[in-house]
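Structure, as structure tokens:
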Amino acid sequence: MRIARFTTGNDPRFGFVQTENGKDFLAVLSGDPLYMPVKPTGERIEIGDGVRLLAPVIPRSKIIGVGRNYADHAAEMGNDVPANPLLFFKPNTSVIGPDDPIVLPDFTSEVSYESELAVVIGKVTKNVTPESALKHVLGYTVANDVTARDAQRTDGQWARAKGFDTSCPIGPWIVTDLETDELRVTSRVNGEDRQDGNTRDMVFDVAFLVSYISEAFTLLPGDIILTGTPAGVGPIVAGDRVECEVEGIGVLSNPVVRRSYDED
């Protein structure tokens with residue numbers, strides 16, 4: 001099942017994504033699937049017919065990233081694989097949806113894309129075992145863990161480098177019934193292939209990550225876990241379009257812009 005959050009010009013709504021005769025439709029839902037029972041309203045809208053897909057969830061609590069969770073990416077950055085998951089936070093103000101612009105901040109001149117499988121938590125989760133962890137997952141989406149590499153190197157911690165506004169595109173929707181052990185994770189910039197990895201190469205798998213993270217932080221409905229990126233990361237500049245794709249979910253595409261803010 002695919003769950004999308006969308007607008008046709010009014011307040012955001014949710015819908016099940018259905019495909020018929022090669023076209024995608026939204027079966028509009030009443031309510032928010034994360035927090036209340038929902039049912040179809042009977043309204044169906046064709047995607048592309050004045051529909052704008054939004055970030056499928058805006059976390060009310062937190063986004064937890066996992067660093068260096070692919071050995072090949074750790075190696076390309078000159079780092080060792082950590083003995084335990086390396087965790088960091090991104091604020092919910094970093095979240096944008098499909099086709100929203102990634103805005104390069106003035107404090108950085110070296111920004112990278114990172115295509116990732118993202119886990120969406122569906123219920124309150126604390127101290128769960130790996131064996132029961134996936135029962136707490138609503139589903140999965142695609143993420144781009146946009147990173148200011150120069151700030152990452154100079155700051156000594158990753159809050160500014162990975163948490164700036166628009167640094168967490170997610171979408172295009174949430175897929176609820178997905179096996180994550182062997183999914184291709186890719187990215188393209190301006191149509192040129194950049195990353196081509198697979199979740200089977202993750203150092204720590206999804207179930208372990210949910211369990212490990214829940215030992216430290218209570219996970220709430222709508223929280224997102226970014227599971228790490230494979231090798232092939234590289235720079236993006238204003239005018240680029242970056243596409244991140246996870247097998248079984250879809251493509252997340254965003255333009256890149258740079259805006260200057262003059263002082264009043």
A student applying the Cα gyration tensor rule (rounded when a/c is under 1.5; otherwise prolate if a/b is larger than b/c, oblate if not) would label the range 184-242 prolate
Given unit charges at Cβ for Lys, Arg (+) and Asp, Glu (-), the dipole magnitude of the chain about its Cα centre in debye, nearest 20, is 720
Shape verdict for the chain, please, from the Cα gyration tensor: rounded (a/c under 1.5), prolate (a/b greater than b/c) or oblate. oblate
For the chain, the accessible surface attributable to carbon and sulfur atoms (probe 1.4 angstrom, ligands and nucleic acids excluded) amounts in percent to 48
May I ask for the distance between the Cα centers of the range 25-53 and the range 207-251, given as a whole number of Å? 25
Spatial separation of Cα centroids for the range 125-163 and the range 88-118, in angstrom: 12
Which FRET efficiency value, to the nearest 0.05, is calculated for Arg184 and Asn10 with the Förster distance at 30 angstrom and r the Cβ-Cβ distance? 0.25
In the range 18-147, what is the count of Lys pairs whose alpha carbons are under 23 Å apart, counting only pairs at least 8 residues apart or on separate chains? 11
Cα-centre dipole for the range 112-264 with unit charges at Cβ (Lys and Arg positive, Asp and Glu negative), debye to 20: 220
Per DSSP H run of n ≥ 4, the term is -39500 (n - 2.57); total these for the chain, divide by its residue number, and report the mean residue ellipticity at 222 nm rounded to 500 deg cm²/dmol. -3000 deg cm²/dmol
Residue by residue through the range 202-216, the couplings from Karplus 6.51 cos²θ - 1.76 cosθ + 1.60 with θ = phi - 60°, in Hz, x for Gly and Pro, are 5, 5, 10, 7, 4, 4, 5, 4, 4, 5, 4, 5, 5, 5, 9
Find the accessible area per residue for the chain; the probe is 1.4 Å, ligands and nucleic acids are left out, and the unit is Å². 45
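The values are calculated or read from the model by the stated rules, or taken from the named source; none is laboratory data. Only a predicted model underlies this, so the values are computations on that prediction, with no experimental measurement involved. Using ideal geometry, Cβ is built from the backbone for each residue, glycine included, and neighbour counts are taken over all protein chains shown. Heads up: the accessible areas ignore ligands, DNA and RNA and are worked out on the full protein's heavy atoms, side chains in. Shrake-Rupley method; radii C 1.70, N 1.55, O 1.52, S 1.80 Å.
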